[in-house]
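Below is one structure, written out as structure tokens, with a few remarks after it.
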């Protein structure tokens, strides 16, 4: 076993698709939360294997996409200051702020670096004690343990020239925001496997009960997705609304307890602005008071910066599953991965980028009729 | 410094933080995100996706069974 190629077996995929067809009696709309799942669905054509009754809509689970413009403007402002080394995951560098992106700061002579892990940023801080090293800490619950460890280690090692620009978001409040919207048409969820690897899935059980929606914790390979969809459809057809775990080779109900403990120690739950969606109460993480000295927003005094979304970009509707990327008039013309209007076209997990990369022709035909 | 380990990604070796999987030993499979192992892969559960498919297909055959049974001849030597 290599635990990868096996889950792309074409014959098993066809059998799963057939099994889904057999049990589907009514139309159902299912949302996958995670941008990684969106990409796998579009890349492998999972949606095209499904019966016409099943509609998949893509959720807000792309961390780069939901980071508000304001935070990007703050990142740009910090990165332009002399003596700063600004570090980030690579896909954040090309996301447009109000007037610039981080890559253009780099082109203008700023020290902006893509890193693989926040520990790499911490190492840079140790190596350059005369510089200020800032890490752009974005992401869902999956990334929070990594960022928590970087700050915890910085404090332990007395590395004072290291800070985080934090824009952490949480999945369950986003699901609740989607489900409580009057125009919501989502009837079942594929919950994100790697978020649940960290947090477990107990948090989802009250949501499934309250809104009567089945939720299946699902992995990222084609067979994972097909099995997850089968399990959701089966619950819908049987009138059940439970939390089930498709991704049992990785996820346990209680999640990863050591990771949860450090996240709870370093961060606290705060309100967060979601790009294109708006403010959601208690939907993110900020540094806890004991770690406030590692908060880049305090050290660099950028709290006055505020920004507006691009008027033309409909990423908010895309992220809530209310529109498909090709329904945007700018898709593929005024908005491309090279010249994006919004983050959903930039990120490797963004829905618009996925359709641009794998479905441009089909999207064009859908528009042209 | 917390516990680090060498993890091979299809042959590409990276230094990965193992602080969150204290039970991980040499030869184990781990899920990695942003330089951190988040969980050990449970090899006993790895075939679940195929076993579930077998059950789903078997369930379907069972549903189709009654018609076939009605037409089937009695089993030889059946003592009832």
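The values are calculated or read from the model by the stated rules, or taken from the named source; none is laboratory data. Quick caveat: nothing in here was measured; it's all calculated off a predicted structure. Methodologically, a virtual Cβ is constructed for each residue, glycine included, from the backbone with ideal geometry; neighbour enumeration extends over all protein chains shown.
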Task: Where residue A:209 falls short, out of the listed (1) touching a helix residue (DSSP H, G or I) at 6+ places or on another chain (Cβ under 8 Å); (2) in contact (Cβ under 8 Å) with a residue 12 or more places away in the chain - done: (1)
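Looking at this structure, is residue B:38 under 20 Å from the mean Cα position of the chain (by Cα), closer than 17 Å to residue A:119 by Cβ, within 9 Å of chain A (Cβ to nearest Cβ) and surrounded by 12 or more Cβ atoms within 10 Å (Cβ to Cβ)? Break it down stepwise before answering.
Working: under 20 Å from the mean Cα position of the chain (by Cα): yes; closer than 17 Å to residue A:119 by Cβ: yes; within 9 Å of chain A (Cβ to nearest Cβ): yes; surrounded by 12 or more Cβ atoms within 10 Å (Cβ to Cβ): yes.
Here the answer is yes, as residue B:38 does meet what is asked.
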Open item on the list: Considering only residues that are more than 19 Å from the chain's Cα centre (by Cα) and either more than 28 Å from residue A:291 (Cβ to Cβ) or more than 14 Å from every other protein chain (Cβ to nearest Cβ) (or both), which ones fall in the range A:157-198?
Closed with: A:160, A:161, A:162, A:163, A:180, A:181, A:182, A:183, A:184, A:185, A:187
- [ ] Specify the residue that is nearest to the other protein chains (Cβ to nearest Cβ); the eligible residues are those in the range A:231-244 that are part of a helix (DSSP H, G or I), surrounded by fewer than 24 Cβ atoms within 10 Å (Cβ to Cβ) and touching a helix residue (DSSP H, G or I) at 6+ places or on another chain (Cβ under 8 Å).
- [x] A:234
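Could you please find all residues in the range A:33-86 being within 21 Å of residue A:15 (Cα to Cα) and assigned to a helix (DSSP H, G or I)? Walk me through it before giving the result.
Pass one, the range A:33-86, residues within 21 Å of residue A:15 (Cα to Cα): A:37, A:40-56.
Once the filter is applied, which keeps residues that are within 21 Å of residue A:15 (Cα to Cα) and assigned to a helix (DSSP H, G or I), the range A:33-86 yields A:37, A:40, A:41, A:42, A:43, A:44, A:46, A:47, A:48, A:49.
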TODO: Just one of (1) crowded, with 20+ Cβ neighbours inside 10 Å; (2) in contact with a helix residue (DSSP H, G or I) (Cβ under 9 Å, 6 or more places away or on another chain); (3) part of a helix (DSSP H, G or I) trips up residue A:255, so point out which.
DONE: (3)
Open item on the list: I'd like the full set of residues that are within 30 Å of residue A:134 (Cβ to Cβ), without any contact (Cβ under 8 Å) to a residue 40 or more places away in the chain and in contact with a helix residue (DSSP H, G or I) (Cβ under 7 Å, 6 or more places away or on another chain), limited to the range A:35-91.
Closed with: A:76, A:80
Task: Number of the exception - residue B:10 against (1) at the interface with another protein chain (Cβ under 9 Å from one of its Cβ atoms); (2) loosely packed, with under 13 Cβ neighbours inside 10 Å; (3) on the phi < 0 side of the Ramachandran plot - done: (3)
TODO: Go through A:277, A:269, A:250 for me and flag whichever is in contact with a strand residue (DSSP E or B) (Cβ under 8 Å, 6 or more places away or on another chain), farther than 24 Å from residue A:165 by Cβ and touching a residue at least 40 places away in the same chain (Cβ under 8 Å).
DONE: A:250
Open item on the list: Of the conditions (1) in the same structural domain as residue A:67 (by TED's automatic domain parsing); (2) buried (at least 16 other Cβ atoms within 10 Å of the Cβ); (3) free of Cβ contacts under 8 Å to residues at least 24 places away in the same chain, residue A:302 satisfies every one except a single condition; which number is it?
Closed with: (3)
